[in-house]
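K.L.:
This structure is in structure tokens; I'll ask about it shortly.
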Amino acid sequence: MLGAGVDKLQSLRGMVDLLPEQTAIWQQVEAAARSQFHRAGLAEIRTPLLEATELFARGIGTSTDVVGKEMYSFEDRGQRHCTLRPEGTASVVRAALQHGLLNKGPQRLWYTGPMFRYERPQAGRQRQFHQLGVELLGFADPRSDAEAIAIAWDLLTALGIGNLALEINSLGDACDRSHYRSVLVEWLEARRDQLDPEAQGRISTNPLRILDSKNPETQALLAAAPLLGDCLSASSQQRFERVRQALDRLEIPYQLNPRLVRGLDYYTHTAFEITSSELGAQATVCGGGRYDGLIEQLGGSPTAAIGWAIGLERLVLLLQAAVAPAMHPLAAAQVYVISRGEAAELQALALARTLRQAGCRVELDLTAAAFAKQLKRADRSGASWALLIGEGEIEQGVVILKDLRLSTEQRLPPELAIGELVARFCDAGPQPFSSPTA
């Protein structure tokens, strides 16, 4: 405990604690995602928080805001340049290459975990934030674009999020983008003095990001800018049409957004965002697209890939606002164990463990307070039943099984009380761990 006159320690700005009641909602989201991904044949991958800075400089692009302004980078004691990962895709690709996963064929992967970007904190957007993402590596067919989108759409729908909208665009291949970049730069240079300072600085570094400007004057000017779609090759147009046909077949509604670009350099062909009007101005809840050049860029063979990520903070905000009644708080204990006296307390400890091993949710009162105080806590806990053990019960070889809702009780031998509770709450106890190769 901090002494008098000592300043209280606080979390760093943009680094937010998740308290138990909040964590319960996160766990439900994660459980829903795991179930959805399992049914879609996806395998989980976990990568380190800390990576070589070069990974993101090469993968994301030095001209992006993420690399140029937002990364948490430092030199470690071995003079290595390190970065806390700002996104998940580059790390997943690095892991797939390092461990030869692609030598075994296409990979259907998902991940979740914290990311770090030094940006201005706001609702649903923190400096340490969490992403849930899917990466389909080694899939070139346009149907894989539609399937990736469908997995995200179905997850959000299953969570009960309403007012969803899908926006899609094609960024074409590298040749298409190079052609469009030249056309766009020429158009922007002719209007340089009408652009805001940030957009002016991006003309030579990342002109496509100007299309995503939040400046109202710049956006108004861009209404007349050339469209990337006008620079797509015939093959890119045909590919995008097949993606649209697949979405139509899946009955996933979408809107074409010719101004939609993604903030990272590795995107090609299909780019998409899923938004919800329930989030207000910052409406994007899921974003992703195809990145056919990234794996080669990071040292692998040319390999097609597509993926997406959901910001969990923003997703939880949506759930709290839209479907809060369906999101349950911390699961209450089913059984509350009360004891008083040294021998009784030891037996209570053992009984609580036995019930937990059988699959019951059990809260063991460790205060050694009077029975009346422990019973009050049992009532507040939300448990349905209580086990009471005192010195008298130890002498008689029984425990008191109390129905906290009906205020009725029985005096039973411990094994009968355990059997009664297991029958009520624990029909199927926890399953032992089994190896996938067993």
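The values are calculated or read from the model by the stated rules, or taken from the named source; none is laboratory data. These numbers come from a predicted model, not from an experiment. Heads up, the Cβs are rebuilt from the backbone with ideal geometry, glycines too, and the neighbour counts pull from every protein chain shown.
K.L.:
State all residues of the range 102-112 that are more than 23 Å from the chain's Cα centre (by Cα) and among the aliphatic types (A, V, I, L, M); if no residue qualifies, say none.
P.N.:
Leu102, the sole residue that qualifies.
K.L.:
Gln219: without any contact (Cβ under 8 Å) to a residue 12 or more places away in the chain and surrounded by 13 or more Cβ atoms within 10 Å (Cβ to Cβ), yes or no? Please lay out each step first, then the result.
P.N.:
Values: without any contact (Cβ under 8 Å) to a residue 12 or more places away in the chain: yes; surrounded by 13 or more Cβ atoms within 10 Å (Cβ to Cβ): yes.
Yes; evaluated as a whole, the condition is true for this residue.
K.L.:
Report whether or not Ile252 is within 32 Å of the chain's Cα centre (by Cα), β-branched (Val, Ile, Thr) and under 22 Å from Asp65 (Cα atoms). Don't jump to the end; show me each part of the working.
P.N.:
Working: within 32 Å of the chain's Cα centre (by Cα): yes; β-branched (Val, Ile, Thr): yes; under 22 Å from Asp65 (Cα atoms): no.
No; evaluated as a whole, the condition is false for this residue.
K.L.:
Could you tell me whether any residue of the range 195-202 is free of Cβ contacts under 8 Å to residues at least 12 places away in the same chain and either exposed (fewer than 12 other Cβ atoms within 10 Å of the Cβ) or not in a helix (DSSP H, G or I) (or both)?
P.N.:
Yes, there is a match, as at least one residue in the range 195-202 is free of Cβ contacts under 8 Å to residues at least 12 places away in the same chain and either exposed (fewer than 12 other Cβ atoms within 10 Å of the Cβ) or not in a helix (DSSP H, G or I) (or both).
K.L.:
Follow-up. Considering only the range 53-80, state which residues are outside any helix (DSSP H, G or I) and either in contact with a Gly (Cβ under 8 Å, 6 or more places away or on another chain) or more than 23 Å from Met15 (Cα to Cα) (or both).
P.N.:
Residues of the range 53-80 that are outside any helix (DSSP H, G or I), as a first pass: 60-64, 71-80.
Of everything in the range 53-80, those that are outside any helix (DSSP H, G or I) and either in contact with a Gly (Cβ under 8 Å, 6 or more places away or on another chain) or more than 23 Å from Met15 (Cα to Cα) (or both) turn out to be Ile60, Gly61, Thr62, Ser63, Thr64, Arg77, Gly78, Gln79, Arg80.
K.L.:
What's the total number of residues in the range 15-52 that are touching a residue at least 24 places away in the same chain (Cβ under 8 Å) and outside any helix (DSSP H, G or I)?
P.N.:
15
K.L.:
Taking the criterion of being surrounded by 15 or more Cβ atoms within 10 Å (Cβ to Cβ), among the hydrophobic types (A, V, I, L, M, F, W, C) and over 30 Å from Gly299 (Cα atoms), would at least one residue in the range 1-17 satisfy it?
P.N.:
Yes, there is a match, as at least one residue in the range 1-17 is surrounded by 15 or more Cβ atoms within 10 Å (Cβ to Cβ), among the hydrophobic types (A, V, I, L, M, F, W, C) and over 30 Å from Gly299 (Cα atoms).
Yes/no matrix, rows are residues, columns are (1) of a type in the set (S, T, N, Q); (2) farther than 26 Å from Ile252 by Cβ; (3) crowded, with 16+ Cβ neighbours inside 10 Å; (4) in contact with a Pro (Cβ under 8 Å, 6 or more places away or on another chain):
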site: Ile151; (1), (2), (3), (4): no, no, yes, no
site: Ala158; (1), (2), (3), (4): no, no, no, no
site: Leu164; (1), (2), (3), (4): no, no, yes, no
site: Asn169; (1), (2), (3), (4): yes, no, yes, yes
site: Cys175; (1), (2), (3), (4): no, yes, no, no
site: Leu211; (1), (2), (3), (4): no, no, yes, no
site: Leu228; (1), (2), (3), (4): no, no, yes, yes
site: Gln237; (1), (2), (3), (4): yes, no, no, no
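K.L.:
Select, from Ala372, Ala309, Ala304, the only residue that is modelled with pLDDT of 90 or more and not assigned by TED's automatic domain parsing to the domain that holds Thr275.
P.N.:
On the way: Ala309 fails: not assigned by TED's automatic domain parsing to the domain that holds Thr275; Ala304 fails: not assigned by TED's automatic domain parsing to the domain that holds Thr275.
Going through Ala372, Ala309, Ala304 in turn, the sole match is Ala372.
K.L.:
Same structure again: Six or more apart or on different chains, Cβ under 6 Å: which pairs go from a residue in the range 99-116 that's under 18 Å from Trp26 (Cβ atoms) to one that's crowded, with 20+ Cβ neighbours inside 10 Å and among the aromatic types (Phe, Trp, Tyr)? Could you list them?
P.N.:
Trp110/Phe37; Met115/Phe129
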